[in-house]
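Q: The structure's right below; bear with me while I get my questions together.
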Amino acid sequence: MTLSPVFRSSTSIRLLEEEGIWDRLRPALLGQLRAVRTVQRDLTEIIDPAFTSGASVGPEVLDPSSPEALPFLQEYFFLVLFRSLFESLGVEPALLERYSEVNFCVKGTITAADNIFDEQGKSLLPLEVGSGRRFLSILQLMCFERLIRRSLDRGVAAGELTAGERDEVLQGLIDLMARIGLLEGSEEGGVQGIPTPDEMVEAVHRVRGGALFALSFVPPRLLESGETLRRIQVAEPAVARLGTAFQIVDDLTDFEFDLGRRSHNLLVAQIHHHGTPDELSALEALRQGAEPRPGMVEEVFRTSARAVLERAYDEARAAFSSLADLGFWFPVELSEEVVHAIVGLEGVRRMEKLTA
């Protein structure tokens, strides 16, 4: 589970642009890009340049609708959204910069850890370490641990937080990461039994997705005070619900992958407990080793898949409604469009067919 959903749906991208979302996100996009560049400059101070490529990060043109900026906005959409949210909640500029740097480091840490669980090789740092994907992930983990500390130390030096508060933030982050990691680790070798959809959402998705998004609230929850803290405390569960929605829709995209490694998947649970006779028969065949054919989710399992998608809609609508009550500008009526858009390239066709 990562903080790296990407807006691959061209329809969603156009609609959000037409609604002015990209324009509203421009200041936060600039700020998050600045934070990423700051952290990556820090990288040159903690590791020999022989292990880095020296590649620049982010677009030179900062118009969110430009082809150069779009990949950055796609990759960092939620971090940009969080920054915009924090600003609307009253976070001061200096701490806004600090949270953006720390959130980038958290995203990089989670990405590297996820690489190891899923045997992938994605990197958010310009590291050059040959072809070893596991080593790349391990080196990223080590680097991001140093980079988070470096960013917070910069805040201590600037008087934004105390050394004690820095240590509280570091512990808060690792405690919540450990909670998420316990869930991931419990699935190694496959899971036994299939909880009901309600049980799975509460025990799995609110951790894997909800707690993941809540990582962004660890620093402000510890460092803010007064009215800003009160607003942060109200916004945190709403953002966690948005993370839950993301994880639910991610299960639709990863159905075949999750089924193959026997990890928790909400669509599997929906079919197992509430599926039609045809869906149950097809699922049993897959669990006995049959190869899934293209289009099964959209065709054979359509009834259950639509029920899962409705759960994602409900979570996203509730999240954006709560944030709107706090004065956040994102339109609640576009919450379903965000659900459609936060899938990788392989999920776009599936989402379009399920919503047709």
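Q: Report D for segment 89-239 in µm² per second (integer): Stokes-Einstein, Kirkwood Rh on Cα pairs, 20 °C, 1.002 mPa s. Display every interim value, and only then the final one.
A: Working: Rh = 16.9 Å.
Once the numbers are plugged in, D ends up at 127 µm²/s.
Q: Also: Quick one: if the Förster radius is 35 Å, what FRET efficiency do Ala50 and Asp153 give, using the C-beta to C-beta distance and rounding to 0.05? All intermediate terms of the calculation are to be shown ahead of the outcome.
A: Values: r = 25 Å, r/R0 = 0.71.
Computed FRET efficiency for Ala50 and Asp153: 0.90.
Q: At a 10 Å Cβ-Cβ cut-off, how would you order Asp167, Asp258, fewest neighbours first?
A: On the way: Asp167 14, Asp258 19.
Listing Asp167, Asp258 from fewest to most nearby Cβ atoms yields Asp167, Asp258.
Q: Report the FRET efficiency, 1/(1 + (r/R0)^6), for His274 and Leu30, where r is their Cβ-Cβ distance and R0 is 45 Å, rounded to 0.05.
A: Details: r = 46 Å, r/R0 = 1.02.
Using R0 = 45 Å, I get an efficiency of 0.45.
Q: Where does helix 163-186 land angle-wise versus the long Cα axis of the chain, in degrees 0 to 90, nearest 10?
A: 20 degrees
Q: Send over the per residue convex hull volume for segment 231-355, Cα only, as a whole number of Å³. Intermediate values should be presented prior to the final figure.
A: On the way: hull volume 13.1 nm³, N = 125.
Hull volume over Cα atoms, normalised by residue count, gives 105 Å³.
Q: Relative contact order, percent, of the chain when contacts are C-alpha pairs under 8 Å separated by at least 6 residues? Working shown, then result.
A: Values: 457 pairs, mean separation 69.4, N = 356.
After rounding, I find 19 percent.
Q: Which of the peptides 18-31, 280-293, 80-93 is most tightly packed, and how do the rest follow, judged by the mean count of other Cβ atoms within 10 Å per residue? Don't skip to the answer; put the middle values down first.
A: Values: 18-31: 16.9, 280-293: 13.4, 80-93: 20.2.
In descending order of packing, they fall as 80-93, 18-31, 280-293.
Q: With everything on Cα atoms, drop me the angle between helix 77-89 and the longest principal axis of the chain, reported from 0 to 90° to the nearest 10.
A: Approximately 60 degrees, to the nearest ten.
Q: Further question on the same structure: If you project the alpha carbons of the chain onto their three principal axes, what span does each projection cover, largest first, in Å?
A: Result for the chain: principal-axis Cα extents of 64, 46, 39 Å.
Q: While we're looking at this one, here's another question. Sequence gap at least 6, Cα distance under 8 Å: using those rules, report the relative contact order of segment 117-183 to the nearest whole percent. List each step's numbers first, then the result.
A: Details: 23 pairs, mean separation 12.2, N = 67.
Dividing the mean separation by the residue count of segment 117-183 yields 18 percent.
Q: For a quick check: sort Asp198, Asp250, Asp314 by the number of other beta carbons within 10 angstrom, fewest at the front. The partial results should precede the final answer.
A: Details: Asp198 11, Asp250 24, Asp314 16.
So the residues, fewest neighbours to most, are Asp198, Asp314, Asp250.
Q: For Val234 paired with Ala356, estimate the spin-label separation in nm (one decimal), with each label point 7 Å from Cα along the Cα-to-Cβ line.
A: Going by the 7 Å Cα→Cβ label model, 4.3 nm.
Q: Show log10 I(q)/I(0) for segment 294-340 at q = 0.18, 0.25, 0.31 Å⁻¹, two decimals, from a solvent-free Debye sum over equal Cα scatterers.
A: Log10 I(q)/I(0), no solvent term: -0.58, -0.83, -1.04.
Q: Test of understanding: what is the full-extension gain from Gln288 to Leu326, defined as 0.36 nm times their sequence separation minus their Cα-Cα distance?
A: Numbers: separation 38, 0.36 × 38 = 13.68 nm, distance 4.91 nm.
Gain on extension, Gln288 to Leu326, equals 8.8 nm.
Q: If R₀ is 41 angstrom, what is the calculated FRET efficiency for the pair Gln74 and Gln192, using the beta carbon separation as r and rounding to 0.05? All intermediate terms of the calculation are to be shown ahead of the outcome.
A: Details: r = 37 Å, r/R0 = 0.90.
E between Gln74 and Gln192, to the nearest 0.05, is 0.65.
Throughout, read-outs are computed from the coordinates displayed, never taken from laboratory work. Because the structure is a prediction, the values reported are computed rather than measured. Please note: Cβ atoms are built from the backbone with ideal geometry, for glycine as well, and neighbour counts cover all protein chains shown.
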